[in-house]
Amino acid sequence: MNIKDQYHTIANIVSKELLGSINDAERKQLASWVSASEENGRIYTRLKEDGWYRSHQMVYVRFDARQGWEQVASRLKGTGKVISLRTKLVRYAAVAASLLLFLTGYLYREQIDGYFDQGPVAPIITNNNIVPGTPKATLTLSNGDQVALGEKDSVQVGNARSNGSEIVYQAAQETAGTVEMNTLTVPRGGEFMLALSDGSKVWLNSDSQVRYPVHFVKGQSRNIELVYGEIYLDVTSSDLHEGSRFAVVHSGQTVEVLGTEFNIKAYPEEPEVVTTLVEGKVQIAVQEGRYGISPGQQSLWSRTSGAIKIREADVFREVAWKDGIFSFKDKPLVDIMRVFSRWYDMDVQFGSEDIKELTFNGTLHKDQSIEDILHFLEGTIHTYEINDTTIILK
C-alpha cells in the first residue's frame with residue numbers, strides 16, 4: 001500500500017470516529033497507526049483539536065447530528081416535504097464523504113511537509129489583486145434598461161425587490177397578454193439568488209445568465225431559459241399551479257419538472273451540459289428523445305454529438321457550490337482551476353501541460369483567500385506565482 005492509499009485508509013477510520021460509526025477492529029487499527037511514530041501521534045492530536053483546521057485555512061464541520069437535522073428541518077419547514085430515511089442516509093453519506101476527502105487531503109498535506117526535506121518552494125507574489133467572489137448581478141429589464149445589484153444595493157423594480165444578495169418577484173396579476181421578460185446576469189466573481197413569482201428559487205453560480213418572465217400566466221407552462229452557466233433550482237410543485245409544468249430551456253436541451261431540486265451546469269467552454277437531480281423527478285428532452293432521471297443521478301448531454309447518457313452522481317460535490325463549498329475528488333487541476341477562475345475572476349496559466357493533469361482531493365470554503373487555497377494545493381503543485389489577477393502554477 002503506497003503512502004497516499006495508507007492515509008486514505010486512516011482518514012476513513014478517523015472520519016468514522018468523528019461520526020461515531022467506528023467499530024472495534026477499526027479502533028484497534030487507528031490506535032496501532034497513532035502509536036507507530038511520534039509524527040503520527042502529533043497529526044492525530046491535531047486532527048482532534050478544535051482549532052487545528054484554522055492554521056491550514058480549510059473547511060471544518062463540527063458533526064452535531066441534532067443541529068444538522070434541525071437545519072434541514074428548518075429549510076424544509078412549510079414546504080410540505082417529508083424527509084425519508086433514504087434521504088437522511090444519502091445526506092449523512094454526503095457529509096461522511098466530504099469529511100473523508102477533507103481528512104485525506106490534510107493527512108497527505110502533512111506527509112508532504114514532513115517527508116520532503118527541501119520543503120515547498122516559496123511562491124512569488126508580485127501583486128495580489130485576487131479576491132473571493134461576492135453577491136452581485138445585473139438585471140436587464142424587457143425595455144433594455146439595466147440595474148446593478150449587489151451587497152450595497154436595495155432596489156425595487158416593478159414586482160421585484162432586491163436586498164443585495166437576492167432578487168424576489170412577488171406574484172403579479174396574471175393576464176394572457178404579452179409577458180415581460182427579465183434577464184439576470186451574474187459575472188465572474190459573483191453569485192446571486194432569484195425567487196420567481198411562483199415561489200421557485202434559482203441560485204446562480206459565477207458567470208451565469210438566466211432569462212425569465214416577471215410573472216407566470218395561469219394554465220400555461222412555467223418556462224425559464226438558462227442562457228449559460230450553472231444554476232441550482234428548488235421548484236414549487238405543479239400541484240400548486242393547477243398542474244402547470246416547469247421547464248428550463250438551454251440550447252438543444254429542455255428539462256421538464258413537476259416539482260423538485262436539481263442542478264444544471266452549462267458553461268459554453270465545457271463539452272457537456274450536466275443535469276443532476278437531488279430530489280423529485282425530471283425529464284430531459286433532447287432531439288433524440290426523452291430521458292427520465294432519478295434522485296442521485298445525472299444526465300450528460302454532448303453539445304457536439306447530441307448524445308445523452310445517464311449515470312450515478314456524486315450529488316454533494318455537484319451542488320456544494322450553492323452552500324459555499326468547493327469539493328473535489330480526483331479532479332484534474334485544469335478543471336479545478338477553471339472553477340476557481342470563475343469565482344475569483346482570475347486568469348490561470350500552467351507551467352507545463354503535465355501540471356494540468358495532476359489530480360486533487362479536498363474540500364475548501366469559497367470565502368478563503370486565493371493564497372489559502374493555493375497553500376492547500378501545495379501537496380499537488382510545486383509552487384506558484386501571483387501577478388495582479390494572474391496565477392501561474394508550476
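Out of segment 266-300, which residues are open to solvent by less than 50 Å² (accessible area, probe 1.4 Å) and over 18 Å from the mean Cα position of the chain (by Cα)?
Those that are open to solvent by less than 50 Å² (accessible area, probe 1.4 Å) and over 18 Å from the mean Cα position of the chain (by Cα): Gly280, Val282, Ile284, Ala285, Val286, Gly289, Ile293.
Here is a check on your reading of the model: is Ile370 more than 21 Å from the chain's Cα centre (by Cα), among the β-branched types (Val, Ile, Thr) and crowded, with 19+ Cβ neighbours inside 10 Å?
No, not satisfied.
Anything in segment 152-170 that is small (Gly, Ala, Ser), under 25 Å from the mean Cα position of the chain (by Cα) and part of a loop (DSSP other than H, G, I, E, B)? List them, or say none.
Across segment 152-170, the qualifying residues are Gly164, Ser165.
Kindly list the number of the only condition in (1) of a type in the set (S, T, N, Q); (2) in a strand (DSSP E or B); (3) surrounded by fewer than 16 Cβ atoms within 10 Å (Cβ to Cβ) that fails for Asn143.
(2)
Determine whether Ile310 is in a strand (DSSP E or B), free of Cβ contacts under 8 Å to residues at least 40 places away in the same chain, surrounded by fewer than 22 Cβ atoms within 10 Å (Cβ to Cβ) and among the aliphatic types (A, V, I, L, M).
yes
Every residue, every condition in (1) at pLDDT below 95; (2) under 15 Å from Leu149 (Cα atoms); (3) of a type in the set (Asp, Glu), yes or no:
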{"position": "Ala176", "(1), (2), (3)": "yes, no, no"}
{"position": "Asn182", "(1), (2), (3)": "no, yes, no"}
{"position": "Arg188", "(1), (2), (3)": "no, yes, no"}
{"position": "Leu196", "(1), (2), (3)": "no, no, no"}
{"position": "Tyr212", "(1), (2), (3)": "no, no, no"}
{"position": "Gln220", "(1), (2), (3)": "yes, no, no"}
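Any residue at all in segment 215-224 that's more than 20 Å from Leu240 (Cβ to Cβ) and buried (at least 16 other Cβ atoms within 10 Å of the Cβ)?
Let us first name the residues in segment 215-224 that are more than 20 Å from Leu240 (Cβ to Cβ), namely none.
No - not one qualifying residue is present in segment 215-224.
Identify, please: which residue in segment 341-367 is in contact with a Gly (Cβ under 7 Å, 6 or more places away or on another chain) and under 14 Å from Phe328 (Cα atoms) and is, among those, surrounded by the most Cβ atoms within 10 Å (Cβ to Cβ)? Walk me through how you get there before you give the answer.
Step one: of segment 341-367, the residues in contact with a Gly (Cβ under 7 Å, 6 or more places away or on another chain) are 343-345, 361-362, 365-367.
Checking the rest, the ones that are also under 14 Å from Phe328 (Cα atoms) come to 361-362, 365-366.
On the way: Asn361: 20, Gly362: 26, His365: 16, Lys366: 19.
Residue satisfying both the conditions and the ranking: Gly362.
For Asp330, which of the numbered conditions (1) closer than 24 Å to Thr126 by Cβ; (2) open to solvent by 50 Å² or more (accessible area, probe 1.4 Å); (3) within 17 Å of the chain's Cα centre (by Cα) fails to hold?
(1)
When segment 232-261 is examined, which residues are found to be touching a helix residue (DSSP H, G or I) at 6+ places or on another chain (Cβ under 9 Å) and open to solvent by less than 50 Å² (accessible area, probe 1.4 Å)?
Selection gives Tyr232, Ser244, Phe246, Val257, Gly259, Glu261.
Condition test on Ala195, is it buried (at least 17 other Cβ atoms within 10 Å of the Cβ) and either out of contact with any helix residue (DSSP H, G or I) (no Cβ under 7 Å at 6 or more places or on another chain) or on the phi > 0 side of the Ramachandran plot (or both)?
Criteria met by Ala195.
Which residues, taken from segment 104-140, are at pLDDT 90 or above and not in a strand (DSSP E or B)?
Asn129, Ile130, Val131, Pro132, Gly133
Considering only residues that are under 22 Å from Pro135 (Cα atoms) and in a strand (DSSP E or B), look in segment 343-363 and name the one that is nearest to the chain's Cα centre (by Cα).
If we take residues in segment 343-363 being under 22 Å from Pro135 (Cα atoms) and in a strand (DSSP E or B), then Thr363 is nearest to the chain's Cα centre (by Cα).
The values are calculated or read from the model by the stated rules, or taken from the named source; none is laboratory data. Worth saying up front: this structure is predicted, and the values here are computed from it rather than measured. Every residue, glycine as well, gets a Cβ built from its backbone with ideal geometry; the counts of neighbours run over all protein chains shown. For the accessible areas, the whole protein counts, side chains as well, though only heavy atoms, and no ligand, DNA or RNA atoms are used. Shrake-Rupley method; radii C 1.70, N 1.55, O 1.52, S 1.80 Å.
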